[in-house]
Amino acid sequence: MTSPDRFAALWRSLAPIGRTPQGYQRLSWTAPDLECREWFAEEAADRGLRVETDGNGNLWGWLGDPAAGDAVVTGSHLDSVPGGGGYDGPLGIVSAFLALDLLAERGMRPRRPVGVVAFTEEEGSRFGVACLGSRLLTGALAPERAATLHDRDGVTLVEAMKSAGVDASMLGPDPTRLSRIGTFVELHIEQGRALAVPVGVASAIWPHGRWRIDITGQGNHAGTTRMADRHDPMLTFAYTVLAANKEARLQGGHATVGRVGVEPNATNAIPSRVTAWLDARAPDRSTVDSLIAAVSARVTERASRDGTAVAFTPESVSPVVDFHAGLRDRIAALLGGVPVLPTGAGHDAGVLAGHVPTAMLFVRNPTGISHAPEESASDVDCAAGVEALATVLGELACR
């Protein structure tokens with residue numbers, strides 16, 4: 001059995017990496033991310049797993065030969081949003097290693113290959129596309145587009161990978177690797193407060209997407225330009241935030257503008273350009289589409305009054321994901337009838353679900369806060385999550 005102390009011991013070996021007073025800073029291919037990758041490789045090697053990095057930068061640790069096929073894979077991601085919490089992603093990887101420990105201690109020998117994976121750039125915080133590693137693996141994102149992605153400093157994904165010693169020439173679909181996966185199970189911290197018990201099972205992921213909004217106007221002097229003569233994109237941007245909030249509330253969706261860039265970003269200058277990113281989610285695709293259409297129409301009309309121009313560009317759009325019903329129900333029953341609930345958060349499991357039977361386990365989050373330093377889970381609940389994952393892996397891989 002995994003005790004809370006045992007969970008905490010392994011958790012403490014990873015927790016300090018990338019931690020700052022403002023939250024975790026583990027952007028893909030930066031020093032903290034590379035240190036997390038080294039931690040992964042060491043923990044995998046300690047358990048006799050064969051470690052490899054695929055052409056998209058995803059890390060794999062294998063127990064058994066994956067070429068045998070029908071593998072059971074578990075894992076999550078190691079990167080964070082800027083100022084994020086420590087549990088989002090890494091909890092699934094720490095739990096995977098501890099679950100394998102439990103299987104070994106119980107004398108359970110897998111009949112199928114078992115893999116632990118750490119997908120790269122799940123958050124999309126550095127290069128702008130969420131679940132980048134799993135999207136590339138499955139062919140959901142073209143390698144030509146991936147090669148053009150760059151961070152806020154202009155560093156491309158290819159350059160970042162090369163600087164970390166990873167060959168980026170193999171970016172793109174990996175059908176052979178994908179075909180070897182028989183089942184994927186991701187354990188993740190709950191990103192809300194719906195769970196009243198330590199562990200639950202996911203039913204579905206809401207459809208969601210990210211849209212870049214480019215608003216252009218006329219840069220000018222803040223002190224000499226009359227208010228009536230201004231073409232200020234900041235006014236259009238301010239209206240955009242309010243319009244997105246109003247439409248989301250009216251339509252029962254979620255809309256967030258959490259990132260913005262202003263040019264020239266000077267205190268005494270009217271901006272010439274504002275670039276913002278809108279995150280929109282809802283229980284169904286029609287609501288997402290309606291929400292975006294309504295915001296776009298309202299903002300376009302406002303821009304005409306402000307003397308500015310606006311363009312909406314989708315950067316990543318994901319449909320609703322219903323997890324494999326048979327696998328979901330089998331796991332929920334196996335764990336004693338735990339709650340089954342949907343989530344508005346995207347995950348690598350959602351990308352893989354279109355290709356292999358996939359399931360998700362959630363561990364209770366008492367604060368309900370995620371993507372922020374207050375994100376938390378108790379060691380007791382995390383140990384329960386390890387037990388649940390070990391039970392699932394034992395059923396899928398050893399029987």
Check: Between Arg47 and Asn245, how many nm apart are label points set 7 Å from Cα along the C-beta direction?
Finding: 4.4 nm
Next item on the list: Would you pull out the residues with amide H under 5 Å of His208's amide H, same chain only if 5 or more places away, H placed 1.01 Å from N?
Entry: Ser318
Checklist line | Vicinal HN-Hα couplings computed from phi for segment 264-272 (Karplus, 6.51 cos²θ - 1.76 cosθ + 1.60; Hz; Gly/Pro x) | finding: x, 6, 10, 5, 9, 10, 5, x, 9
Next item on the list: DSSP loop (so not H, G, I, E, B), at most 16 other Cβ within 10 Å: list which trypsin sites (Lys or Arg not before Pro) in segment 1-91 pass both filters.
Entry: Arg47
Next item on the list: List, in order, the whole-Hz ³J(HN,Hα) value for each residue of segment 195-212 obtained from phi through the Karplus relation with A = 6.51, B = -1.76, C = 1.60 and θ = phi - 60°; use x for Gly and Pro.
Entry: 7, 9, 10, x, 9, x, 10, 7, 9, 6, 10, 4, x, 7, x, 10, 10, 8
Next item on the list: Tally the DSSP beta bridges in the chain and give the antiparallel ones as a percent, rounded to 5.
Entry: 70 percent
Next item on the list: Would you please put 279-290, 385-396, 296-307, 73-84 in order of how densely packed they are, using the mean number of other Cβ atoms within 10 angstrom per residue and starting with the highest?
Entry: 73-84, 385-396, 279-290, 296-307
Notebook entry, point to check: Which value, in Å² and to the nearest 10, is the accessible area of Trp277 when all protein chains are kept and the probe is 1.4 Å?
Noted result: 50 Å²
Notebook entry, point to check: What are the residues whose amide H is under 5 Å from the amide H of Val201, where those residues sit 5 or more places off or on another chain and H is modelled from the backbone?
Noted result: Val340, Leu341, Phe362
Note to self: Please list, in order along segment 382-391, the HN-Hα scalar couplings obtained from phi with the Karplus expression 6.51 cos²θ - 1.76 cosθ + 1.60 (θ = phi - 60°), rounded to whole Hz, x for Gly and Pro.
What the structure shows: 5, 5, 5, x, 4, 4, 5, 5, 4, 4
Notebook entry, point to check: For Ala325 and Thr176 in one chain, what is 0.36 nm times their gap in residues minus the Cα-Cα distance, to one decimal in nm?
Noted result: 51.1 nm
Next item on the list: Can you check what the net charge comes to around Glu186, using other residues whose Cβ is under 11 Å from the Cβ of Glu186 (Lys, Arg +1; Asp, Glu -1)?
Entry: -2
Checklist line | Accessible area of Lys246 in the full protein assembly, 1.4 Å probe (Å², nearest 10) | finding: 100 Å²
Next item on the list: Among Pro314, Pro21, Pro366, determine the one that fluctuates most according to a GNM of the chain built with springs between C-alpha atoms less than 10 Å apart.
Entry: Pro21
Check: How much of the DSSP beta bridge set in segment 4-124 is antiparallel, as a percent to the nearest 5?
Finding: 65 percent
Checklist line | Structure-derived semi-axes √(5λ) of the Cα gyration tensor in Å - corresponding label in (1) 36, 22, 20; (2) 40, 22, 19; (3) 32, 26, 20 | finding: (2)
Checklist line | Accessible area, probe 1.4 Å, largest first, for residues Glu121, Glu263 | finding: Glu263, Glu121
Note to self: Over the chain, what is the relative contact order in percent, taking alpha-carbon pairs closer than 8 angstrom and at least six residues apart?
What the structure shows: 23 percent
Item checked: Amide H contacts under 5 Å for Asn220, placed H, 5+ residues apart -> Ile270
Note to self: Taking the full set of protein chains and a 1.4 angstrom probe, give the accessible area of Met234 in square angstrom, rounded to the nearest 10.
What the structure shows: 70 Å²
Check: Highest mean first, what order results for 368-380, 345-357 on Cβ atoms within 10 Å?
Finding: 345-357, 368-380
Check: Of the peptides 88-94, 124-130, how do they stack up when ordered by the mean number of other Cβ atoms within 10 Å, highest first?
Finding: 88-94, 124-130
Check: Can you list the equivalent-ellipsoid semi-axes of segment 234-291, largest first and in whole Å, using the square root of 5 times each Cα gyration tensor eigenvalue?
Finding: 28, 10, 7
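The values are calculated or read from the model by the stated rules, or taken from the named source; none is laboratory data. Computed from a predicted model, the values in this text were never measured in an experiment. All Cβ positions, glycine included, derive from the backbone under ideal geometry; neighbour counts span all protein chains shown. Keep in mind that these areas ignore ligands, DNA and RNA; they rest on the heavy atoms of the full protein, side chains included. Shrake-Rupley method; radii C 1.70, N 1.55, O 1.52, S 1.80 Å.
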